[in-house]
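What follows is one structure encoded as structure tokens, with my remarks underneath.
The values are calculated or read from the model by the stated rules, or taken from the named source; none is laboratory data. Small disclaimer: the values here were computed from a predicted structure and weren't measured. Every residue, glycine as well, gets a Cβ built from its backbone with ideal geometry; the counts of neighbours run over all protein chains shown. The protein model used for the area step is the full one, side chains on, heavy atoms only, and it has no ligands, DNA or RNA in it. Shrake-Rupley method; radii C 1.70, N 1.55, O 1.52, S 1.80 Å.
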Amino acid sequence: MINKILIANRGEIAIRVMRACREMGILSVAVYSEADKEALFTKYANEAYCIGPPPATASYLNIRKVIETAKESRADAIHPGYGFLAENPKFARACEEEGLKFIGPSSRVLELMGDKVAARREMVKAGVPVVPGTDECVAEFGQARDIANKIGYPVIIKPSGGGGGIGMTIVMNEGELAKALESTQAIATTTFGLCDVYIEKYLSNPRHIEFQLLGDSHGNAIHLGERECSIQRRHQKLIEESPSTAVTPAMRAKMGEIAANAARFVGYEGAGTMEFLFSNGRFYFLEVNARVQVEHPVTEMVTGVDIVKEQIRIASGLPLSIKQEEVRMNGSAIECRINAEDPLNDFVPTPGKIKGYHSPGGTGIRVDSGVYTSYTIPPFYDPMISKLIVWGRDRNEAITRMRRALYEYIIVGIKNNIPFHKAVMENPRFVKGELGTHFIDSETTLMDDMKRMMEREKPLEEKLSHLSEEKRRIAAISAVAAITQMHRQT
Ligand code: MV4
């Protein structure tokens, strides 16, 4: 059994993992950069060690240092969280070689899933539907032209080492192909150190729907239903929900089974996600995310399964704690990612000091965060402040609850994207569940709606600014914000 886990990550996900450790009677070890000395996760851990200067390459990505710290602190296992080293096969292998349990899939599976062309081929073998396209890397123009002619324009060229959208180029016709091939290869080389690219049929405004998977070391694999993540901006997801309004119970059962079978087929151990594009009633495999994801709480809210605990059980060699037929999807959950970014200035990051902070509570609310009042968000990492997750018996209740929670949420001192989320929760198409990956760009009134809502709330802060004591001010803003919301709805 695992007694002590080193968490090779920071912020809210480090705390999320440590919370699971606490409940399981496992000790936790934090590693942190010089920029994170005052971060909440370093206090929450049973032990904490500074591993280097602020840049991630000098700290959170320093494989040797992380492993050395794990050994010195006598941890048995390492949880990588998401991002940083989470899907790095070299790191997983180094753990395996050093006798530390890497909480995640084997280095072999990480390697396979990291190579998007290889993953696509493997999924075809496992019976998963993929987007029409290449099953090998495309090196030359002639090859690209033949494939594009076969599948028909528009096509999309993607870096094989990538994922998440970086470097992808849409090609409308043969005239654009040569230049697009060249530029994608260039980005692939500079960003991923691998010039391999592949081509797929381009689907216009598909929905982004993913299945949560769990596989154990006894050959069991199950799915926990889907999450819809269509609301994204520049490949950054902003709002996720489960279940998707596009998925019927029959489709869920069928796609979930296909995804779980594929996990079994590759010998997948741990938590993972199979991403699909959903277009015209059909699912097309995109990629596997071989880690716990930012948005895992929406699945936890509807299934009641603690995904991080399952990860730790799996890494300990225990079987999954639930069977497929025991998984029940109950109600509806939505997550809003609350980011330190300026919605009025092209969402540029706005790190800095949180002067006042009040997070929402009450029925059906979950806030996963790594911040506190007077904490300074450092500029070196991603600007997520927290995740606000709500549960409701149905989607409408979840939406009204999310609106209520967003109006309770007070963050003073740094600009943040709460106004954006308020606007989306009021958007008629969002409310109807009519979503697609181009939602934000195609909702042309969304930004103006948001600005109007911000204007309406401006007098609040001004009216209350005479309250010098921050605590009183926050309580007052919270109360008045709630009144404003009432006025708006009636
Ligand atoms: C696609 C696609 C359409 N057709 N693949 C993949 C990762 C995700 N973050 C974006 N991805 C896409 N893959 C096929 N075959 C559309 C997207 C996509 C997108 C692509 C390029 C630029 C912006 C985009 C925004 C949303 C979705």
Checklist entry - Of everything in segment 231-262 that's charged (D, E, K, R) and under 14 Å from the mean Cα position of the chain (by Cα), which residue is farthest from SER442 (Cα to Cα)? => result GLU241
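Taking helices (runs of 4 or more DSSP H) that fall entirely within segment 1-82, which contain at least 2 residues that are closer than 22 Å to ARG93 by Cα and of a type outside the set (Val, Ile, Thr)? Working first, answer last.
Values: elements: 11-24, 40-44, 63-72.
Answer list for segment 1-82: 63-72.
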Checklist entry - If you scan segment 157-202, which residues turn out to be touching a Ser or Thr at 6+ places or on another chain (Cβ under 8 Å), closer than 15 Å to LEU286 by Cβ and surrounded by fewer than 20 Cβ atoms within 10 Å (Cβ to Cβ)? => result ILE166, MET168
Checklist entry - Just one of the numbered conditions (1) at negative phi; (2) near the ligand (Cβ under 10 Å from one of its atoms); (3) open to solvent by 10 Å² or more (accessible area, probe 1.4 Å) is not true of ASN205; which one? => result (1)
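Hey, can you tell me all the residues within segment 129-153 that are open to solvent by 50 Å² or more (accessible area, probe 1.4 Å) and either over 17 Å from LEU203 (Cα atoms) or within 14 Å of the ligand (Cβ to nearest atom) (or both)?
Step one: list which residues in segment 129-153 are open to solvent by 50 Å² or more (accessible area, probe 1.4 Å), which gives 132, 135-136, 139-141, 143, 145-146, 149-150, 153.
Of everything in segment 129-153, those that are open to solvent by 50 Å² or more (accessible area, probe 1.4 Å) and either over 17 Å from LEU203 (Cα atoms) or within 14 Å of the ligand (Cβ to nearest atom) (or both) turn out to be PRO132, ASP135, GLU136, ALA139, GLU140, PHE141, GLN143, ARG145, ASP146, TYR153.
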Item to check | Residue that is modelled with the lowest pLDDT, among those in segment 154-167 that are within 12 Å of the ligand (Cβ to nearest atom) and more than 14 Å from GLU275 (Cβ to Cβ) | outcome: ILE166
Checklist entry - Would segment 208-217 turn up any residue that is open to solvent by less than 10 Å² (accessible area, probe 1.4 Å) and either near the ligand (Cβ under 10 Å from one of its atoms) or β-branched (Val, Ile, Thr) (or both)? => result yes
Checklist entry - How about segment 374-389: which of its residues are open to solvent by 30 Å² or more (accessible area, probe 1.4 Å), among the hydrophobic types (A, V, I, L, M, F, W, C) and either without any contact (Cβ under 8 Å) to a residue 24 or more places away in the chain or not in a loop (DSSP other than H, G, I, E, B) (or both)? => result MET384
Checklist entry - If a residue has to be more than 16 Å from the ligand (Cβ to nearest atom), of a type in the set (A, V, I, L, M) and part of a helix (DSSP H, G or I) to count, how many in segment 180-202 make the cut? => result 1
Item to check | Test for VAL305: is it under 30 Å from SER160 (Cβ atoms) and either of a type in the set (Val, Ile, Thr) or not in a loop (DSSP other than H, G, I, E, B) (or both) | outcome: no
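Regarding ALA126, is this residue modelled with pLDDT under 95 and surrounded by fewer than 19 Cβ atoms within 10 Å (Cβ to Cβ)?
No; evaluated as a whole, the condition is false for this residue.
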Next on the checklist: So if I check each of LEU224, LEU238, which one is more than 15 Å from the ligand (Cβ to nearest atom), assigned to a strand (DSSP E or B) and modelled with pLDDT of 95 or more?
Outcome noted: LEU224
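Is it the case, given these coordinates, that LEU177 is away from the ligand (no atom under 14 Å from the Cβ), without any contact (Cβ under 8 Å) to a residue 40 or more places away in the chain and outside any helix (DSSP H, G or I)?
Working: away from the ligand (no atom under 14 Å from the Cβ): yes; without any contact (Cβ under 8 Å) to a residue 40 or more places away in the chain: yes; outside any helix (DSSP H, G or I): no.
Considered against the rule, which asks whether it is away from the ligand (no atom under 14 Å from the Cβ), without any contact (Cβ under 8 Å) to a residue 40 or more places away in the chain and outside any helix (DSSP H, G or I), LEU177 comes out as no.
Would you confirm whether any residue within segment 405-420 is within 16 Å of the ligand (Cβ to nearest atom) and small (Gly, Ala, Ser)?
The answer is no; no qualifying residue exists.
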Next on the checklist: Against the condition part of a strand (DSSP E or B) and hydroxyl-bearing (Ser, Thr, Tyr), how does TYR284 come out, does it pass?
Outcome noted: yes
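Could you tell me whether segment 91-113 includes any residue that is open to solvent by 30 Å² or more (accessible area, probe 1.4 Å) and over 26 Å from PRO319 (Cα atoms)? Walk me through it before giving the result.
Step one: filter segment 91-113 for residues open to solvent by 30 Å² or more (accessible area, probe 1.4 Å), giving 93, 96-99, 101, 106, 108, 111-112.
Applying the additional criterion that residues be over 26 Å from PRO319 (Cα atoms) yields none.
No, segment 91-113 contains no residue that is open to solvent by 30 Å² or more (accessible area, probe 1.4 Å) and over 26 Å from PRO319 (Cα atoms).
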Checklist entry - Are there any pairs, at least 6 apart or on different chains, whose C-beta atoms fall under 7 Å, with the first in segment 446-470 and closer than 17 Å to PHE430 by Cβ and the second open to solvent by less than 50 Å² (accessible area, probe 1.4 Å) and not in a helix (DSSP H, G or I), and if so, which? => result LEU446/ASN427; MET450/PRO343
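On the basis of being farther than 26 Å from LEU238 by Cβ and either in a loop (DSSP other than H, G, I, E, B) or hydrophobic (A, V, I, L, M, F, W, C) (or both), does ARG328 make the cut? Working first, answer last.
Details: farther than 26 Å from LEU238 by Cβ: yes; either in a loop (DSSP other than H, G, I, E, B) or hydrophobic (A, V, I, L, M, F, W, C) (or both): yes.
Criteria met by ARG328.
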